[in-house]
1. Roughly how large, in nm² to one decimal, is the mean projection of the convex hull of the alpha-carbon atoms in the range 45-117?
2. Cα extents of the range 94-136 along the three principal axes, largest first, in whole Å?
3. In square angstrom, rounded to the nearest 10, how much accessible surface does Val92 have for a 1.4 Å probe?
4. Rounded to the nearest 0.05, what FRET efficiency do Leu23 and Lys43 give with R0 = 22 Å and r taken as the Cβ-Cβ distance? Could you check?
5. Quote the accessible area belonging to Thr145 in square angstrom, nearest 10, computed with a 1.4 Å probe and with ligands, DNA and RNA left uncounted.
6. Along Cα→Cβ, 7 Å out, is where each label goes; now give me the distance between the ones at Glu108 and Ala30 in nm to one decimal.
7. Using every Cα-Cα pair within the range 66-108, state what percent have a distance larger than 15 Å.
8. Excluding ligands and nucleic acids, what accessible area in Å² is computed for Leu122 using a 1.4 Å probe, to the nearest 10?
Amino acid sequence: MEEFRGESVRPRCAPPAVTTDSLDALDAFARALEWADRFEWRKAADLLKAAVRLDSRFAMAWAWLASAQLWLEEPRAAERAAARAAALAEEVSENERHFVLAVRASFEGRLAEAIDHLELLLALDPCDFWAAYRLAHLYLAAGRTEDSLSMRERCAALRPEHVFNFSEAGFIANREFNVEL
């Protein structure tokens, strides 16, 4: 995977395109991502449910709903939403397909496959913050600590103002001081 380092290679980022014919569903989805950015998963989930009611073929909304439900400790609902997203994967853009298939693979414990999809997505769109964020977690789950740290640095370069949580900030800071993890 190509190394991503700060401003020197920081690409100009446009919002990712998603496949839906419903402007109302798109609006609900966009607002849900704003709440997800704040880790307000209940509010995000409610908006994502509205988005999929408005467009039942909105694969990205289903994938994000799966993530929100997992955060809300609703694993069965999350698995159903991830399966629904994956079932729609052939109807969306290549970027979206990689994202929804990564979500599905990670739910099924297929970490290598999920990692592959997110790496391919980031090769297509180096600015996809949430793909990088998910990939950092998957690398860690797969025991790839250095890759996880590099991906967390990429996330910080993409969104310097984004606060993950104190433990993640410390995780990155430890690397700067050469603390063995």
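1. Values: hull surface 17.4 nm².
Average of the hull's projected areas for the range 45-117 equals 4.4 nm².
2. Sorted from largest, the Cα extents of the range 94-136 read 26, 20, 13 Å.
3. 20
4. Numbers: r = 20 Å, r/R0 = 0.93.
Computed FRET efficiency for Leu23 and Lys43 comes out at 0.60.
5. Near enough 50 Å² of accessible area.
6. Each label point lies 7 Å from its Cα, and together they span 3.4 nm.
7. Numbers: 316 of 903 pairs.
Value for the range 66-108: 35 percent of Cα pairs lie more than 15 Å apart.
8. Near enough 0 Å² of accessible area.
The values are calculated or read from the model by the stated rules, or taken from the named source; none is laboratory data. As the structure is a computational prediction, the values presented were derived from the model and not from experiment. For neighbour counting, all protein chains shown are included, and Cβ atoms are generated from backbone atoms with ideal geometry for every residue, glycine included. The accessibility values were calculated without ligands, DNA or RNA, using every heavy atom of the protein model including side chains. Shrake-Rupley method; radii C 1.70, N 1.55, O 1.52, S 1.80 Å.
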